Each structure stands twice: as C-alpha cells, then as structure tokens.
Amino acid sequence: MALNLPTMLFDRLNRGSVGDARLIRHARLSGPMPWVIAIMVALTVIAAAAGLALSNTARSASDELSGGITVQVVEANPVERDRQARAATQRLKDTPGVTDAHQVSQDEVERLIEPWLGARVGDDQEIPVPALIDVRLRERIDGETLGALRRLVREVAPAARVDAQSTWLRPVFGAIDSLRWLALALVVLLGFALAAAVLLAVRSALGVNRDTIEIVHLLGGTDTQVARIFQRSVGFDALGGGVFGLLIGLVVVLFFGRRFADLGAGLVGGGALHWYDWALLGLVPAVGVVLAMITARLTVLRALRRML
C-alpha cells in the first residue's frame, strides 16, 4: 500500500482536483490576504468613482458653457447703463447664431453677489453693479466668433465687456483635471500595492511549504502544476476579498454621493455617476482577481526556477 502512495499523489496532482490544494497548506497562504485585498479593492473603487465623477462634472460643465457668453455693461450712470444694456440685448437677439439673449434682472444680480458683498450692495450710491446679459449661441464659441460679437455689442454699448463663460471656469477645469490624474494615479498605485501584497504572501507560503514542493517534484510534478495550486488558492482569496471590498467601496460612494446631491449645486450635480460608470466599478474586483492570480503564478514560477 505504501508503494502506491507516490503514484496516488501524482495522479491527484495531474487531475488538478480541488484536493491538490491541500498539498500546499491553504490556510497558511490565505491568512490576512483576503482582508488586505478587500481594503485594496475598496480604496480602488472609491478612487475610481471619484475620478469618474470628476470626469462627468468637467464634461457636463464644458457642454453647458461651451455655447454661452456673458455681457457686462460697466457704467456708473444707472440710466445710461440700462439704456446700453437694452440696446446690447436687442442687438444680440438680432444676430444670426444667437439662440437666446436676456438681461438678468437687477434683483437677481443682487442676490448673487449678496453672500460676498453684503445686502444693499446694489444701491448705486454705494457700489455700482454692472448690468448682466446672458447669451446662448447655437455653436461652440471660438476666438473669431467672440471677437465679432464684441465689435457688434460695442457699437451700441461702448461700456460693455463680452466674455465667454467657459473662460471663467478655466482655473476650475484645470483643478478638476489635476484631481482626475490624481485619482488615476491612486488606482495604479493601489494595483501595484495589491500585486506586492500577493507577491509577499506567495513567497512566504513557498518558504513554509518548501519541503512539500520538493516532494512533489520528486513525484514528477512540474513547476506549472505547483504554480497552478498557488494560483488557485490566491484566486479564491482574491475573489472573496474583492467582493467584500466592492461592497464596502459602494457603500462609501453611495454615502458621499447622497451628501453631495443634497448640496443642490449645478456643477456638483453634473458629476452624478451613470450606469456605465457603475458597471466599470463592478469590474474592479474581477481585475483584482486576475492581477492577483497572474502575480501568484509568475512569482511561483520564478521562485521555483531558483530553487532547483
């Protein structure tokens, strides 16, 4: 009966059954590994969700402001200011390519600037407030179009200033782009950290099971068969930890999404995640499992070549 033991072990190894994993102590390989992977996946989901939300915010704001301009009539005399504002509004309405042009009421202007300059700031005896005209164009604004509109408006309103609305938020767009790159960098770094954690766990398991691996080799087992055992063990750990980490990450994302939605701000509202964004977040654990299994396989194969 003892003479048949090597043959039985070799047959089990060749069949690739689940019992083969017991040749390499699975408990020693797992340990804290699923929890480490869960933390990595949760942080990756949060960072990826932040990056996707920032991308949606930038895209929404750019689309909304790409065809808009603002005209300010800066004139101290309120009567002359109102006359120039009405004349500029009418000129813009008659301009081809302009879909809408309306003068913002003085009460609305005062409400907009009251949080920064205080109440009754609209009183011309204290601080003259310029008249504002909101204009929407059919096409995106370029430098030539903006220059032509400035010349047309200044023919009837010499005190008018014409600016593209997108230029006001250019520093904001720059900051959003920086944050998007930061989120991408965090996702990449977390991927490297996950791979490093798997590498250390596999190396530790190789050291603990060195004698068992040598016996497997003596029975005729190949490096690929041994690597498959470690790869399968790491795959189970990564799958369990990845699913748990995904749930944690989604809870955090939903919590902060609800808090930002309560702000009611237009720019923040444009950063809502779409269904395809949620689908991408759902792929994070799958990518983590694949990355962990590939790392485990390559680590084992490289270590076994050095052992023999």
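The values are calculated or read from the model by the stated rules, or taken from the named source; none is laboratory data. No experiment lies behind these values; they were computed from the predicted model shown. So basically every Cβ, Gly included, is an ideal-geometry build from the backbone, and we count neighbours across all protein chains shown.
Do we have any residue at all in the stretch 210-231 that's surrounded by 15 or more Cβ atoms within 10 Å (Cβ to Cβ), aromatic (Phe, Trp, Tyr), within 19 Å of Thr295 (Cα to Cα) and at pLDDT 75 or above? Yes. Against the conditions (1) surrounded by fewer than 22 Cβ atoms within 10 Å (Cβ to Cβ); (2) modelled with pLDDT under 85; (3) within 20 Å of Thr145 (Cβ to Cβ), Ile69 satisfies every one except (1). Filtering Phe244, Phe236, Phe256 for residues that are farther than 21 Å from Ile46 by Cα and not polar (S, T, N, Q) leaves a single hit, Phe236. Evaluate the stretch 260-277: report whether one residue or more is loosely packed, with under 14 Cβ neighbours inside 10 Å, within 23 Å of Ala195 (Cβ to Cβ) and either at pLDDT below 80 or touching a Lys or Arg at 6+ places or on another chain (Cβ under 7 Å) (or both). No, every residue in the stretch 260-277 fails to be loosely packed, with under 14 Cβ neighbours inside 10 Å, within 23 Å of Ala195 (Cβ to Cβ) and either at pLDDT below 80 or touching a Lys or Arg at 6+ places or on another chain (Cβ under 7 Å) (or both). Give the stretch 108-140 a look and list any residue that's charged (D, E, K, R) and either modelled with pLDDT of 80 or more or touching an Asp or Glu at 6+ places or on another chain (Cβ under 8 Å) (or both), or say none. Result: Arg120, Asp134, Arg136. The sole residue among Leu291, Leu283, Leu304 that is out of contact with any Gly (no Cβ under 9 Å at 6 or more places or on another chain) and either closer than 21 Å to Leu179 by Cβ or modelled with pLDDT of 90 or more (or both) is Leu283.
Yes or no, residue by residue, for (1) at pLDDT 80 or above; (2) touching a helix residue (DSSP H, G or I) at 6+ places or on another chain (Cβ under 6 Å); (3) over 25 Å from Gly147 (Cβ atoms); (4) of a type in the set (Asp, Glu):
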residue	(1), (2), (3), (4)
Ile24	no, yes, yes, no
Leu29	no, yes, yes, no
Trp35	yes, no, yes, no
Gln106	no, no, yes, no
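For the stretch 160-206, a residue qualifies if it is among the aromatic types (Phe, Trp, Tyr), more than 14 Å from the chain's Cα centre (by Cα) and at pLDDT 85 or above, and exactly one does: Phe192.
Which residue, of Arg111, Arg91, Arg59, is among the basic types (Lys, Arg) and crowded, with 17+ Cβ neighbours inside 10 Å?
Values: Arg111 fails: crowded, with 17+ Cβ neighbours inside 10 Å; Arg59 fails: crowded, with 17+ Cβ neighbours inside 10 Å.
The conditions single out Arg91.
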